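Everything on this sheet refers to the single structure shown next.
The values are calculated or read from the model by the stated rules, or taken from the named source; none is laboratory data. Being a predicted model, the structure only gives us computed values, none of them experimental. Because the Cβ atoms are built from the backbone with ideal geometry, glycine has one as well, and the counts that use them run over all protein chains shown.
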Amino acid sequence: MKTTLSIDESLMRQVRIRAARSNKSQSEVLEAALREGLGIIERIRAKARLSDEEAIDIASKAVHEVRAQDQRERKP
């Protein structure tokens, strides 16, 4: 399915880099990231018996922590 999204430029830059490094299309990278993110949310919700909103909040915090760690590791 074709769709149009507004995505932060720095995030899109990461998508382009990952796509180039993995020899995949940007669409494939975005789809995989969405599937992974949604899967994480569902596992958190089911395991902890949380509402969707609570699980999304926990998953979002985890993503931000990973991004911050990634940025710290990239700095020279």
Take the residues of segment 56-75 that are part of a helix (DSSP H, G or I) and of a type in the set (D, E, K, R): which is modelled with the lowest pLDDT?
-> ARG74
GLU53 passes all but one of the listed conditions (1) modelled with pLDDT of 80 or more; (2) surrounded by 10 or more Cβ atoms within 10 Å (Cβ to Cβ); (3) in a helix (DSSP H, G or I); the exception is number (2)
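Quick check: is even one residue across segment 3-15 among the basic types (Lys, Arg) and part of a helix (DSSP H, G or I)? Show your work before the answer.
Taking segment 3-15 and keeping what is among the basic types (Lys, Arg), we get 13.
Filter again for part of a helix (DSSP H, G or I), leaving 13.
Taking every residue of segment 3-15 in turn, at least one turns out to be among the basic types (Lys, Arg) and part of a helix (DSSP H, G or I).
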Going by the conditions given, is GLU31 acidic (Asp, Glu) and in contact (Cβ under 8 Å) with a residue 12 or more places away in the chain?
-> no
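For residues in segment 16-49 being of a type in the set (S, T, N, Q) and assigned to a helix (DSSP H, G or I), which is surrounded by the most Cβ atoms within 10 Å (Cβ to Cβ)?
Of segment 16-49, the ones of a type in the set (S, T, N, Q) are 22-23, 25-27.
Next, from what is left, pick out any that are assigned to a helix (DSSP H, G or I): 22, 26-27.
Details: SER22: 11, GLN26: 13, SER27: 11.
Across segment 16-49, the extreme among qualifying residues is GLN26.
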Cross-chain or 6+ apart pairs with Cβ under 8 Å, segment 36-60 first and without any contact (Cβ under 8 Å) to a residue 40 or more places away in the chain, then basic (Lys, Arg) and in a helix (DSSP H, G or I) | SER51/ARG45; ASP52/ARG45; GLU54/ARG45; ALA55/ARG45
